[in-house]
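Structure record follows, encoded as structure tokens.
The values are calculated or read from the model by the stated rules, or taken from the named source; none is laboratory data. All values derive from a computational prediction rather than experimental measurement. Counting neighbours? That spans all protein chains shown, and the Cβs are built from the backbone with ideal geometry, glycine included. When the accessible area is computed, the model is the full protein with side chains, heavy atoms only, and any ligands, DNA or RNA have been set aside. Shrake-Rupley method; radii C 1.70, N 1.55, O 1.52, S 1.80 Å.
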Amino acid sequence: MANHFFKNIFPCIRLRFLHSSSTLSSVSPSSTTAISSSSFTVEFLVNSCGLSLKSALSVSNKFQLNHKTPQKPQSVIQFLKSHHFSDIHVAQLIVKRPQVLNSRIHNNLKPKFDYLVKIGFEGELLPHIILSNIDITRVSLASQIKQSVQCLRLFLDSDEKLLMAVKRAPWLLSQNMKILLKQNVDVLVKEGVPAHAVEWLLISHPRSILQNPEKIIDAVNSVKALGFETTDTMFIQAFRVMLQMSESTWKKKIEVMNSMGFSEDEILKAFKKCPQCLAYSEENFRKTLDFYFNTMKLEPQTIIVHPALLGYSIEKRVRPRYHVLKVLESKKLIKGIKKPKQIAIGEKNFRDKYIDQFIDEVPGLLEFYLGMKEGKSSVLDGEEILSIDRSYDCHHR
């Protein structure tokens, strides 16, 4: 069926470019070549690269193959497939960077692929890293990719950590960062930040350590001014959060927390326990605290003791769990709700302890829970129980 479709459609595509033999006779040789290349390009992109006709036409508007040398792009496709690229991978790559079809295999693609395999990107990891950063196919292996890897190895003490960093941030392989990275790491080390903390930052949040050096220094000084020691476990996390905001943004967040009943001392105490708690938007603060205070009836002190609560999604985590607990409590299957603990435990533990254990006593409990996580209507035993937090619903309707 598909073959029949393409047999019918490609003559139409050619006619679209050629119009008629009488018209073609009046076209210059260079124009005829362009028309042939356009037709060939679309046909090749669909038949050999797996693109839809719409995508192929779009790509052909900005990229053309030479119809006189069809073996070159075909050899590129074969090379990609011999390196764990599936048909879907090939199509995705060509849509993102069709110029790869004109790449030289032995002088460009093969040395790069061999090097990436050597540093750990084997099997399915190879197409993953290429598709995550298609600039790898464009930049120089010697002056860019290898230089980036060598730079990262100065601060990451194992190939495992190097692989982890690049998997999380594939753009590192095409980033000119040697001078900036060394300069910023030197600042942190000089201030007494442990090597393992620098490694964590580079692996988990590399953009943070590639900021303007002046911004790095300002963030270090701001965090130290709040009473953190550079050797503290939480210093590097507080440093990262501080990098994300200006002084005015910090002040606004403190003002919001003040307006919700927290003193500056309490806010600082929470920040020292969990710096990420102040990384969220002001709107998120208000919405989250409104649910904790008005629906769950938590005391402000509970938030200070458990500041990580500010980072949990109300809709995807807190609210569904709270309703499940209220159902179990109403049926006397649990005694009271230990709110922070039950919100904080991992998903598997919550499901094991509060859902799977009571499947027989509360039919439909799992479906009810999953439905709430997906934002669906909250119904159990034929009764809507959204009234449990009706004030919240009305407020955010």
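Couple of notes before you dig in:
- Principal axis box of the range 229-341, alpha-carbon based, largest edge first, Å: 49, 29, 24
- Computed FRET value (nearest 0.05) for residue 335 with residue 231, which takes r as the C-beta separation and R₀ as 41 Å: 0.40
- Spin-label model distance (nm) - residue 312 vs residue 187, 7 Å beyond Cα toward Cβ: 3.6
- The angle between the Cα long axis of helix 71-81 and the main principal axis of the chain comes to about 30°, on a 0 to 90 degree scale.
- Averaging Cα coordinates gives a centre for the range 264-326 and one for the range 230-258; these two points are 17 Å apart.
- Applying 0.36 nm per residue to the separation of residue 86 and residue 143 and subtracting their alpha-carbon distance, the gain on full extension is 17.6 nm.
- Between 0 and 90°, nearest 10: helix 159-168 axis offset from the chain longest Cα axis: 90
- Three semi-axes describe the equivalent ellipsoid of the range 143-236; taken as square roots of 5 times the Cα gyration tensor eigenvalues and ordered largest first, they are 24, 14, 10 Å.
- Within the shell defined by Cβ-Cβ distances under 12 Å, the residues around residue 161 carry a net charge of -1, with Lys and Arg each +1 and Asp and Glu each -1.
- By accessible area with a 1.4 Å probe, ligands and nucleic acids excluded, highest first: order of 347, 199, 255: 255, 347, 199
- Neighbour net charge for residue 332 - beta-carbon separation under 14 angstrom, K R +1, D E -1: +1
- Cα pair distances of the range 190-270 binned at 10 Å [whole percent]: 17, 49, 27, 7
- In this Cβ point-charge picture (+1 for Lys and Arg, -1 for Asp and Glu), the range 85-193 has a dipole of about 360 debye about its Cα centre.
- Taken per residue, the accessible surface of the range 164-206 reaches 49 Å², heavy atoms only and a 1.4 Å probe.
- For the range 186-226 versus the range 119-158, the gap between their alpha-carbon centres in whole angstrom: 24
- Shown in residue order for the range 300-314 are the 3J(HN,Hα) couplings computed by the Karplus curve 6.51 cos²θ - 1.76 cosθ + 1.60 at θ = phi - 60°: x, 4, 5, 5, 5, 6, 10, x, 4, 4, 5, x, 7, 5, 5 Hz (x for Gly and Pro).
- Cα-centre dipole for the chain with unit charges at Cβ (Lys and Arg positive, Asp and Glu negative), debye to 20: 1180
- For the range 107-119, backbone phi angles converted through the Karplus equation (6.51, -1.76, 1.60; θ = phi - 60°) give residue-by-residue couplings of 9, 10, 5, 4, x, 5, 5, 4, 5, 5, 5, 4, 8 Hz, Gly and Pro being listed as x.
- Global size of the chain: 29.1, 90 Å for Rg and Dmax (C-alpha atoms, Rg to one decimal, Dmax whole).
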